[in-house]
Amino acid sequence: MPQPNTKDDGPRHVAIIMDGNGRWATQRGRPRLFGHQAGARRVREIVEACPDLGVDYLTVFAFSTENWKRTQSEVAGLMNLFRRYITREAKALKANDVCVRFIGDRVRLDAKLVAMMDELEALTANCRTVNLTIAINYGGRDEVARATKRLARDVAEGRLSPEDVDEETLPKYLDTCVLPDPDLVIRTSGEARISNFLLWQSAYSEYEFIDTLWPDFTADEFRSVVGGFGTRERRFGAVVA
Ligand code: FPP
């Protein structure tokens, strides 16, 4: 079971719903992809701010299972941006000791992108300073459904007994099985919704909804939001004296 933290504890795992790229671009009279490109550049700055803040795990929502409903050109532009991000950032991520993982269903992704994701995971597998998890074609419900399918297969084939299925067993089947639950979930752009992000994992997370559009979200603002977390008292349903 999670333990109540003391008031001064900072968040060890921060997850971010990077929202507002489209509006940021529209405000400048530019195409939506321009906003996504600016948003991708912000990711580096936020990753680099993590070690000093004691944030060991950073998880970012880059593309949801619902985002396929966007225009074909926006989807293609985002997929291209993910490939370019991997090519451009791989060296710096490795040099900064950042272990990169991807979560989400890879089946619908282009084979070239999946190969690049696999390569970046392998390249950074032994890095320890920050754990960066990028969610691509990720949906919390889809993740739970995929996990349940694998779990059901283990039951059907005799590797797991139905009596052993509990709160400890199920998360072992989730994409996030090696990650701790997020302590803090930040969403930019003023929307106060979870949008199918880390549904199981964020049961006890604190939420911060920030008005800033993602491309304007600086490391300074990140530091201030993370700093504010220390003033929250987390009880996980218990009574703390
Ligand atoms: C939501 O803003 C943002 C996305 C769907 C894409 C997020 C992608 C990035 C920040 C860039 C790539 C990141 C990595 C890690 C390579 P929106 O388009 O819904 O904005 P809007 O609500 O203003 O329209």
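The values are calculated or read from the model by the stated rules, or taken from the named source; none is laboratory data. Since we're looking at a predicted model, the values are computed, not measured. Glycine gets a Cβ as well: all are built from the backbone with ideal geometry, and neighbour counts include every protein chain shown. Keep in mind that these areas ignore ligands, DNA and RNA; they rest on the heavy atoms of the full protein, side chains included. Shrake-Rupley method; radii C 1.70, N 1.55, O 1.52, S 1.80 Å.
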* Asked: Can you find a residue in segment 83-92 that is in a strand (DSSP E or B), of a type in the set (V, I, T) and closer than 20 Å to M18 by Cβ?
  -> no
* To do: Being within 15 Å of L93 (Cα to Cα), aliphatic (A, V, I, L, M) and open to solvent by 40 Å² or more (accessible area, probe 1.4 Å) is the filter here, so list the residues in segment 105-130 that pass it.
  => A122, L123, A125
* State yes or no: is R101 part of a strand (DSSP E or B), closer than 22 Å to F197 by Cα, among the charged types (D, E, K, R) and out of contact with any Phe, Trp or Tyr (no Cβ under 8 Å at 6 or more places or on another chain)? => yes
* **Tally of residues being open to solvent by less than 60 Å² (accessible area, probe 1.4 Å), of a type in the set (A, V, I, L, M, F, W, C) and not in a helix (DSSP H, G or I) across segment 166-215** => 9
* Asked: Do we have R83 as touching a Leu at 6+ places or on another chain (Cβ under 7 Å), open to solvent by 30 Å² or more (accessible area, probe 1.4 Å), modelled with pLDDT of 95 or more and within 11 Å of the ligand (Cβ to nearest atom) here?
  -> yes
* Subset of segment 216-241 [away from the ligand (no atom under 16 Å from the Cβ), assigned to a loop (DSSP other than H, G, I, E, B) and surrounded by 16 or more Cβ atoms within 10 Å (Cβ to Cβ)] -> R234
* Scanning segment 57-76 for residues that are crowded, with 18+ Cβ neighbours inside 10 Å and out of contact with any Gly (no Cβ under 8 Å at 6 or more places or on another chain), which turns out farthest from N21 (Cα to Cα)? -> Y57
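Yes or no, residue by residue, for (1) of a type in the set (F, W, Y); (2) out of contact with any helix residue (DSSP H, G or I) (no Cβ under 7 Å at 6 or more places or on another chain); (3) in contact (Cβ under 8 Å) with a residue 24 or more places away in the chain:
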residue: E157; (1), (2), (3): no, yes, no
residue: T176; (1), (2), (3): no, yes, yes
residue: L184; (1), (2), (3): no, no, yes
residue: L199; (1), (2), (3): no, no, yes
* To do: Have a look at F34, F82 and point out the one that is free of Cβ contacts under 8 Å to residues at least 12 places away in the same chain, in contact with a helix residue (DSSP H, G or I) (Cβ under 7 Å, 6 or more places away or on another chain), aromatic (F, W, Y) and more than 16 Å from A219 (Cβ to Cβ).
  => F34
